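Novice: One structure coming up, written as structure tokens, with questions to follow.
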Amino acid sequence: LIFNIFQKLEGAYADTTIRAYEKNMKSYVEFCDTYRYSALPSSISGIVHFIDHLVGLELSAFYIRRHLTAIAHIHKMTRHDDPTQDPDVKIALRRAFRQRGRFQKQAHPIGREILDQILKVLPNNLYGLRDRLLILIAYENLLRRSEIISLYIEDLMPINHPQYYAKILLRKSKTDPFKEGRWLYLSKETYQAAQAWLEQSNLTSGYLFRGMRKGLHMTEQLHGGQVNKILKKRAKQAGLDDEVIQKISGHSIRVGAAQDLCLAGKTLPQIMAKGRWVKTDTLMRYVEHTII
């Protein structure tokens, strides 16, 4: 019953969010089976014990919070009272935060300096042309990994503008669940990179970014996990330290671009608008190290 409920969430939440909730609930149900608690509806004592159990596993505060969010969703969807709002649960969660801290590991930023190092070593072949465009467009528009792979060729068009040379429609994003869309603007450098990639790849429609198998056979769409691998591979070629490379993820360019904007004197509202953030505290985690 519990896992059938997640089918109701399909389309209302991102697939990655639903998968994360399912994984968290699986852990919770296994815990309840082991210690003979009821998973649905949950007992307050069972959830408090579960929180202490997660702390013992040395999970971060972020993951502990996400487990509680999944439990809350299941109860609301089955029209049970939300047990995570009980004072004893909140005290247990606060205790967990004090022990584990609210610190969340952040991807190593790829700002303009590192970005330029990577661009210099990109090969002049199909892989290099794709990766050049991916890096530039992600940096220029502070794109999330899911946003990068969702762009369409049909939505790219040149414009007559004193600063920008083209625009491309971002059809959907994490903070645009109802797919109202938003136009992203491209500089001359980025637009030229797009033209070079499309000309050499002979692509005229469909997803802008593609995976490439042996023989340069293109997939329909670049997989989100490939963004991380591309950035790590190019960072290694650029001679970055192994310690830095290990911390690079698909979010690194977004973090670096936000920090660069902060150092350039842009205000938090300006950066939030550019990067499509809705919560100030989320952005602050990105730029806190740049604020003196």
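The values are calculated or read from the model by the stated rules, or taken from the named source; none is laboratory data. Just so it is clear, the structure is predicted and the values come from calculations on it, not from any experiment. Glycine gets a Cβ as well: all are built from the backbone with ideal geometry, and neighbour counts include every protein chain shown. Heads up: the accessible areas ignore ligands, DNA and RNA and are worked out on the full protein's heavy atoms, side chains in. Shrake-Rupley method; radii C 1.70, N 1.55, O 1.52, S 1.80 Å.
Novice: Which three lengths, in whole Å and largest first, does the stretch 52-132 cover when its Cα atoms are put on their principal axes?
Specialist: 59, 31, 21
Novice: Please list, in chain and number order, the residues 5+ apart from residue 223 or on another chain whose amide H is under 5 Å from its amide H, with Hs placed from the backbone.
Specialist: It is 211, by chain and number.
Novice: What are the chymotrypsin sites (Phe, Trp or Tyr not before Pro) within the stretch 70-178 that DSSP puts in a loop, where the Cβ has at most 12 other Cβ atoms within 10 Å?
Specialist: Loop-located and lightly packed - 103, 178.
Novice: Counting only heavy atoms of protein chains, what accessible area per residue, in Å², does the chain have with a probe of 1.4 Å?
Specialist: About 57 Å² of surface per residue is accessible.
Novice: On to the next question. Quick query: amide H of residue 152 versus all other amide H atoms, modeled in the peptide plane; which residues come in under 5 Å with a sequence gap of 5 or more or a different chain?
Specialist: Amide H neighbours of residue 152: 208.
Novice: Could I ask something else about it? For residue 263 and residue 220, what is the calculated FRET efficiency with R₀ set at 35 Å and r taken between the beta-carbons, to the nearest 0.05?
Specialist: Efficiency, from the Cβ-Cβ distance: 0.35.
Novice: Scan around residue 183 for amide H atoms under 5 Å from its own, H built in the peptide plane at 1.01 Å from N, and keep only partners 5 or more places away or cross-chain.
Specialist: Counting only residues 5 or more places away or on other chains, the set is 170.
Novice: Please work out how many pairs of lysine residues in the stretch 80-228 are eight or more positions apart (or on different chains) and have Cα atoms closer than 28 angstrom.
Specialist: 12
Novice: List the trypsin sites (Lys or Arg not before Pro) in the stretch 121-192 that DSSP assigns to loop (not H, G, I, E or B) and whose Cβ has at most 15 other Cβ atoms within 10 Å. Which are they?
Specialist: For trypsin sites (Lys or Arg not before Pro) across the stretch 121-192 that sit outside H, G, I, E and B with at most 15 neighbouring Cβ atoms in 10 Å, the list reads 171, 174, 179.
Novice: To the nearest 10 degrees, how steeply does helix 252-263 sit against the main Cα axis of the chain, on a 0 to 90 scale?
Specialist: Tilt of helix 252-263: around 80 degrees.
Novice: Once both axes come from the Cα atoms, what is the angle between helix 15-35 and the longest principal axis of the chain, in degrees from 0 to 90, rounded to 10?
Specialist: Taking the Cα atoms of the chain, the angle to 15-35 is about 30 degrees.
Novice: Could you give the dipole magnitude of the chain about its Cα centre, charging the beta-carbon of Lys and Arg +1 and that of Asp and Glu -1, in debye to the nearest 20?
Specialist: Magnitude of the dipole: close to 100 debye.
Novice: Go from 0 up to the bin containing the longest alpha carbon distance in the stretch 1-144, width 10 Å each, and give me the % of pairs per bin.
Specialist: Histogram of Cα-Cα distances, whole percents per bin: 10, 31, 23, 16, 14, 6, 0.
Novice: Something else about it: Note the angle between two axes, namely the Cα long axis of helix 61-77 and the longest principal axis of the Cα atoms of the chain, as a number of degrees from 0 to 90, rounded to the nearest 10.
Specialist: Here the helix axis deviates by roughly 70 degrees.
Novice: Let me ask something additional. What label, among (1) 132; (2) 123; (3) 171, belongs to volume of the Cα convex hull per residue in Å³ computed from the structure on display?
Specialist: Entry (3).
Novice: Let me ask something else. Rule-of-thumb check for the stretch 1-85: C-alpha Rg over 2.2 N^0.38 Å?
Specialist: 1.03
Novice: So which GluC sites (Glu not before Pro) in the stretch 183-292 end up in coil per DSSP with only 10 or fewer other C-beta atoms within 10 Å?
Specialist: 220
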